[in-house]
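Following: one structure in structure tokens, then a few remarks.
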Amino acid sequence: MLIIGLTGGIGSGKSAVARCFSELGIPVIDADSVAREVVEPGLPALKEIEKRFGTQILATDGRLDRKQLRKIIFSDPQAKADLEAILHPMIRTRMWELANRQTTPYVILEIPLLVETGQNTSVDRVLVVDVPQQLQIERVCARDGMSPQEAATVIAAQISRQRRLDAADDIIENTGTFSELQTQVEHLHRKYLELASHNPA
């Protein structure tokens, strides 16, 4: 089975691309969904996070208080690194468990931090959804209600567009209509099916 790592900057349209692949019958395993799953009450990740940050990161119902945790790690780089050290290996393990259960010719792993975390080296191909920065800013402002300055700050905190493109095997230019996006995905779908048929088990 071929493993495709899907990534792109904020506002690039990763979710729309993932939806197109899903509609073609291809499983998409989303890192953000898995990240929410692994911190459910009773699971090891939440216990580890509580041990590191204390009960202040728990809501009254015993679930993770994401807002409180975000506040802590936003102002403390070491806290952020500690959290990532707890979560990233667990998310990665769970994603690969889910991928290995699939029976389709290929699977999409949707990972926003694919290149930043070095996971681009563990997938067969890297698919980057790319848009010019100005369009990214416009989309993030429209979607999240941010000011252009705030959106630019978030984008600047991610790895550069060029570094992401340098890691890409395939690129989707998401600057047009949804219909144009679907056409690009369908083209890649055919390509991936062809590659998967030659991929040694």
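Helix 148-157 axis versus longest C-alpha principal axis of the chain: approximately 90°, rounded to the nearest ten. Classify the range 59-103 as rounded, prolate or oblate from the Cα gyration tensor: take a ≥ b ≥ c as the square roots of its eigenvalues, call it rounded if a/c is under 1.5, otherwise prolate when a/b beats b/c and oblate if not. Oblate, since a/c reaches 1.5 and b/c is not below a/b. Along the range 63-79 the Karplus relation, 6.51 cos²θ - 1.76 cosθ + 1.60 evaluated at θ = phi - 60°, assigns HN-Hα couplings of 8, 5, 8, 4, 4, 5, 5, 4, 4, 5, 6, 4, 9, 9, x, 5, 4 Hz to successive residues, with x for each Gly and Pro. Here the simple spin-label model places points 7 Å from the Cα toward Cβ, and for ASP65 and SER33 these points are separated by 2.9 nm.
Size of the range 64-157 from its Cα atoms: along the principal axes, largest to smallest, the extents are 44, 32, 22 Å. Is the range 117-201 best put as rounded, prolate or oblate by its Cα gyration tensor, with a ≥ b ≥ c the root eigenvalues, rounded for a/c under 1.5, and otherwise prolate when a/b is larger than b/c, oblate when not? The shape class here is oblate.
Number of Lys-Lys pairs in the chain with C-alpha atoms under 25 Å apart and a separation of 8 or more places or on different chains: 11. Stretching TRP96 away from ILE159 to a fully extended chain increases their span by 20.3 nm, per 0.36 nm per residue minus the current alpha-carbon distance. Between LEU193 and GLN133, the modelled label-to-label distance comes to 4.0 nm, taking each label 7 Å out from Cα in the direction of the beta carbon.
Since only GLY9, LEU87, PRO41 are under comparison, the one whose Cα sits farthest along the positive direction of the charge dipole of the chain, derived from C-beta charges on Lys, Arg, Asp and Glu, is PRO41.
Reported to the nearest whole Å, the Cα centre-to-centre distance from the range 1-53 to the range 101-131 is 11.
The long axis of helix 178-198 is offset from the longest Cα principal axis of the chain by roughly 80 degrees. What the Kirkwood sum gives for the range 15-84 is a hydrodynamic radius of 13.7 Å, with every pair of different alpha carbons counted.
Per residue, the convex hull around the alpha carbon atoms of the range 123-169 comes to 81 Å³.
Taking one equal scatterer on every alpha-carbon of the chain, how large is log10 of I(q)/I(0) by Debye at q = 0.18 1/Å? At q = 0.18 Å⁻¹ the computed log10 ratios are -1.32.
Quick note: the coordinates plus some simple rules give every number you see, no bench work behind them. Predicted model only: the values in this text are computed from it and were never measured. We place every Cβ from the backbone using ideal geometry, glycine too, and count neighbours over all the protein chains shown.
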